[in-house]
1. Tell me which cysteines of the chain come out unpaired when the rule is another cysteine's Cβ under 4.7 Å.
2. Treating the angle as unsigned and between 0 and 90°, give the value, to the nearest 10°, between the Cα long axis of helix 90-101 and the longest Cα principal axis of the chain.
3. So which of LYS109/LYS142; LYS36/LYS198; LYS157/LYS247; LYS109/LYS151 end up more than 20 Å apart by C-alpha?
4. Each label point is 7 Å from the Cα along the Cα-to-Cβ direction; what then is the distance between the points at ASP208 and ALA152, in nm?
5. What is the packing order of peptides 183-189, 92-98, taking the mean over residues of other C-beta atoms within 10 Å and listing the highest first?
6. What lysines does LYS175 reach when the alpha-carbon gap must be under 18 Å and sequence neighbours fewer than 8 apart in one chain are set aside?
7. Considering amide H positions built from the backbone, and no H for Pro or chain starts, which residues 5 or more places from PHE49, or on another chain, come under 5 Å of its amide H?
8. Report for the chain the percent antiparallel among DSSP-assigned beta bridges with both residues inside it, nearest 5.
Amino acid sequence: MVVFFSGTGNSEYCARYIARSIGDNVIDSAQYIRNKQIAQLESQNPWVFVTPTYAWQIPKVFKSFVRQSSLSGNKNAYFVLTCGGSVGGAASGALSLCKEKGLRFKGLKGIVMPENLITMFKAPESDEAERIIEKAVPEIEKAAQVIKSGKAFEKQKYSFLSFLQSDLSNPLFYKAAVSAKKFYATDECIGCGICAQKCVMGNITMQDGKPRWDNNCTQCMACIAYCPKQAIEYGKATKGKTRYRCKELE
């Protein structure tokens, strides 16, 4: 079973591609996270967890989802992490999670996809994003074939740089950057409510026709990416920046 977490669609794209390639079912964790439900899942096939990389680690929200879920059946677990450049030492966190859940860690594969964290970086223009995805497809297919074969992904090297990224930088990222305080809607907002519908955390409510953010944000970028009027900003950090969301798998 392929289980994914996705904000702007990169990980969903990879998850659905892999599921189609290996002939397996796909589950969106958002339906459980948003509703604060504990998932009761069973699979005779290996577990394939597909998620973005947040500061070189599995996102806390997805790790918590996996930790709380009931996962019966097959004990093999693969991790596929989308990233803008590197997954750092994320494999160590995935291995620890498997030990907690009694799963057999079959490795972690990083897939470079278009950058979407526009509160900190720039997203590519559409042509460049298309090229990045085209380059990623063979790597996604390779991952799918390894999963299908039952072999493990190639072991990731854990270096001092990985330690700096995943073990030291990750806590700083959550402390300094993961917040909803600076999100706001401009006068271009039409009150459609798409941002509230897309929020994985259920952190947005519509009040007087405008979105209001609470403090339970994971910086997935869904609200800002799916706004049809580009009416959502994050302080001054996103002004004038390209919004990105992944194309749907054809």
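Values in this text are rule-based calculations from the coordinates and carry no lab data. It should be emphasised that the depicted structure is a prediction, and the values quoted were computed from it without experimental measurement. Positions of Cβ are backbone-derived with ideal geometry, glycine not excepted, and every protein chain shown enters the neighbour counts.
1. Those would be CYS14, CYS83, CYS98, CYS189, CYS192, CYS199, CYS217, CYS220, CYS227, CYS246, since no other cysteine Cβ in the chain comes under 4.7 Å of theirs.
2. Between helix and principal axis, roughly 70 degrees.
3. Values: LYS109/LYS142 10 Å; LYS36/LYS198 15 Å; LYS157/LYS247 32 Å; LYS109/LYS151 13 Å.
Violating the 20 Å limit, Cα to Cα: LYS157/LYS247.
4. 5.8 nm
5. On the way: 183-189: 15.3, 92-98: 19.0.
So the peptides 183-189, 92-98, ranked by packing, come out 92-98, 183-189.
6. Partners within reach: LYS60, LYS63.
7. Those qualifying (amide H under 5 Å, at least 5 residues apart or on another chain) are VAL3, TYR78, PHE79, VAL80.
8. DSSP beta bridges in the chain are roughly 25 percent antiparallel.
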